[in-house]
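K.L.:
What follows is a single structure, and I will ask about it in a moment.
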Amino acid sequence: MGQRNKRRKNKGNKETEKNNKLKKSRNETRKHRNKDKRKQKEPEKQAKQTKEQRNKQIRKQRNKEKETRKKEAKKETKKQGNEKRTKIRKQRKKKETNQGTRKQYKENNGERKK
């Protein structure tokens, strides 16, 4: 390898080193800048998180209330249905007993007439 090429190679190495140093310094400044930005955004982020948590809790509570209302309504309808059924059952029983007594009465009267 000639003298000229050696000099060129060395020069190239020096330039790459220089470029690498520049890159490093740029990266460092970028890192610091990003850190500063993050620090600035942190309070906003926390505020946002607390707001989201509050909303989440509110949503949870609303859902709970909704569920309880649903359950109560279900119980109420069940109760009403049971009341209806018992009423109908009583009426049927009454009818049957009345019919039975009528039959007996007729039979008794019929027997008496004979």
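K.L.:
For region 6-28, state whether one or more residues are within 43 Å of the chain's Cα centre (by Cα) and not charged (D, E, K, R).
P.N.:
There is at least one residue in region 6-28 that is within 43 Å of the chain's Cα centre (by Cα) and not charged (D, E, K, R).
Quick grid of which residues meet (1) surrounded by 10 or more Cβ atoms within 10 Å (Cβ to Cβ); (2) not small (Gly, Ala, Ser):
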position	(1), (2)
4	no, yes
23	yes, yes
39	no, yes
52	yes, yes
58	yes, yes
65	yes, yes
68	yes, yes
73	yes, no
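The numbers here are math on the coordinates, done by the rules we state, and not lab data. Remember, it's a predicted structure, so these values are computed and weren't measured experimentally. A quick note on method: Cβ atoms are made from the backbone with ideal geometry, for glycine too, and the neighbour counts reach across all protein chains shown.
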